[in-house]
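Visitor: Here you go, one structure.
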Amino acid sequence: MINCGGIMRLILLGPPGSGKGTQAQRVVDTVSVLHLSTGAMFRQAVAESNEVGLQVDPYLKRGELVPDDLVTAVVVNRIDQDDCDSGFLLDGFPRTMGQAEALGQFLEKSSKQLDGVLLPLVSDSEIVDRLSGRRVCTEPDCQKVFHIKYDPSQRDGICDGCGNRLIQRDDDHQETVRNRLRIYHEETIPLIEYYRQRSLLKEFDGIGTVEQVGQRLLALIETK
Ligand code: AP5
């Protein structure tokens, strides 16, 4: 169990579609911590057509990783802000050894430390099933996630949170999902061993209902 005391600095690792965003939402509803999703930050930047958005858009569309120096600069700048002093839950970062090392160096320089790295265990076939049925809210400030079978919205195609339209993400089409999974295996899986060797890794069963998986995850985080 991770004892976070007052401050919690956590990473939610895991393949695309393993439920990181869904479960991160449950953690922040229960524990006072900021949820920082690089994917959500990038999608918001694309929606705003700002400088970062224009740079990352082609990578997101192809399901490829945004270059390390760009994503690391965005994250380091974000976690250096005052509202992260009480901790954060990183969702989707780091995803490469370069990003993990850059994060480690930044935290060391700031005299901060990671408390844990949480990894849901989910098979590739389950991931394809989850991503093909995922629907997301089109409102950039909401981005709430649903699933047509496992977590449907109350009104078909309409977000329960803000009432905007739900769509399928561009990168949830079959070919792009396969590309994202291939990249996960090549680039991100080595991080599992990296964090295991630092005694930070906590694996949990990611199969079951959203509620069951959430209980397993929260059981790993002890707050005092
Ligand atoms: P990002 O948005 O982070 O995509 P991802 O990691 O591929 O993760 P997803 O958002 O697809 O899935 P998730 O694990 O959050 O699952 P969710 O909860 O939605 O990144 C997008 C892109 O940005 C990347 O491809 C890359 O281009 C770029 N990027 C981001 N970070 C980067 C980085 N560090 N470096 C470089 N590039 C980066 O759940 C999926 C579905 O399953 C939902 O429909 C949900 O309702 C359903 N579901 C959830 N839990 C369950 C359950 N227990 N049972 C059944 N269904 C469930």
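Rule-based calculations on the coordinates, nothing more; no lab input. What you are looking at is a predicted structure, and each value in this text was computed from that prediction instead of being measured. Don't worry about glycine lacking a Cβ; one is built from the backbone with ideal geometry, like all the others, and counts go over all protein chains shown.
Visitor: Classify the stretch 129-171 from the C-alpha gyration tensor, please: rounded if a/c falls under 1.5, else prolate or oblate depending on whether a/b exceeds b/c.
Guide: Here the stretch 129-171 falls in the oblate category.
Visitor: Test of understanding: what is the full-extension gain from ASP82 to ASP156, defined as 0.36 nm times their sequence separation minus their Cα-Cα distance?
Guide: 22.7 nm
Visitor: Here's another thing I want to ask about it. Lys/Arg Cβ at +1, Asp/Glu Cβ at -1, dipole of the stretch 1-129 taken about the Cα centre: which of LEU118, VAL46, VAL33 is farthest positive-ward?
Guide: So the residue we want is LEU118.
Visitor: Quick one: what are the phi-derived ³J(HN,Hα) couplings along the stretch 59-76, Karplus 6.51/-1.76/1.60 with θ = phi - 60°, whole Hz, x for glycine and proline?
Guide: 5, 4, 4, 8, x, 9, 6, 5, x, 3, 5, 6, 5, 5, 4, 5, 6, 4
Visitor: Report the gain in length on full extension from ASP124 to GLU193: 0.36 nm times residue separation, minus Cα-Cα distance, nm rounded to one decimal.
Guide: Full extension from ASP124 to GLU193 adds 22.9 nm.
Visitor: Please arrange LYS112, LYS202 by how many other C-beta atoms lie within 10 Å of their C-beta, fewest to most.
Guide: Lowest to highest Cβ neighbour count: LYS112, LYS202.
Visitor: Let me ask something additional. Relative contact order of the stretch 106-180, please, whole-number percent, based on alpha carbon pairs below 8 angstrom and at least 6 residues apart.
Guide: That works out to 27 percent.
Visitor: Turning to a different aspect of this structure: GLN55 to VAL31: extension gain in nm, 0.36 nm per residue of separation minus the Cα-Cα distance?
Guide: Full-extension gain reported as 5.3 nm.
Visitor: In deg cm²/dmol, rounded to 500, what helix-only [θ] at 222 nm does the chain give when every DSSP H run of at least 4 residues adds -39500 (n - 2.57) and the total is split over its residues?
Guide: Here the helix-only value at 222 nm equals -13000 deg cm²/dmol.
Visitor: What residue among PHE93, GLY206, GLY14 has its Cα farthest toward the positive end of the dipole of the chain, where the charges are +1 on Lys, Arg and -1 on Asp, Glu, each on the Cβ?
Guide: GLY206
Visitor: Could you derive backbone 3J(HN,Hα) for the stretch 184-196 from the dihedral phi with the Karplus parameters 6.51, -1.76 and 1.60 (θ = phi - 60°), listing whole Hz in sequence and x where the residue is Gly or Pro?
Guide: Once θ is set to phi - 60°, the couplings for the stretch 184-196 become 4, 5, 6, 9, 9, 4, x, 5, 4, 5, 4, 7, 5 Hz.
Visitor: Taking a 20 Å limit on the Cα-Cα distance, which of the listed pairs LYS20/LYS109; LYS20/LYS202; LYS20/LYS144 fall beyond it?
Guide: Pairs exceeding 20 Å: LYS20/LYS109.
Visitor: Assign one of three labels to the stretch 139-224, namely rounded, prolate or oblate, based on the Cα gyration tensor with a ≥ b ≥ c the square roots of its eigenvalues; rounded applies when a/c is under 1.5, prolate when it is not and a/b is larger than b/c, and oblate otherwise.
Guide: Oblate, because a/c is 1.5 or more while a/b does not exceed b/c.
Visitor: To the nearest 20 debye, what is the magnitude of the charge dipole of the stretch 11-107 about its Cα centre, counting +1 on the Cβ of each Lys and Arg and -1 on the Cβ of each Asp and Glu?
Guide: The dipole magnitude comes to about 460 debye.
Visitor: Which ³J(HN,Hα) values, rounded to whole Hz and listed in residue order, are derived for the stretch 89-95 from phi using the Karplus coefficients 6.51, -1.76 and 1.60 in 6.51 cos²θ - 1.76 cosθ + 1.60 with θ = phi - 60°, glycine and proline given as x?
Guide: 3J(HN,Hα) across the stretch 89-95, in whole Hz: 10, 7, 10, x, 8, x, 10.
Visitor: Right, another one. With a/c under 1.5 counting as rounded, go ahead and sort the stretch 1-128 into rounded, prolate or oblate using the C-alpha gyration tensor (a ≥ b ≥ c being the square roots of the eigenvalues; past the cut-off, prolate if a/b is larger than b/c, else oblate).
Guide: Judged from the Cα gyration tensor, the stretch 1-128 comes out oblate (a/c at least 1.5, b/c at or above a/b).
Visitor: At a 10 Å Cβ-Cβ cut-off, how would you order LEU107, LEU65, fewest neighbours first?
Guide: Final ranking by Cβ density, sparse to dense: LEU107, LEU65.
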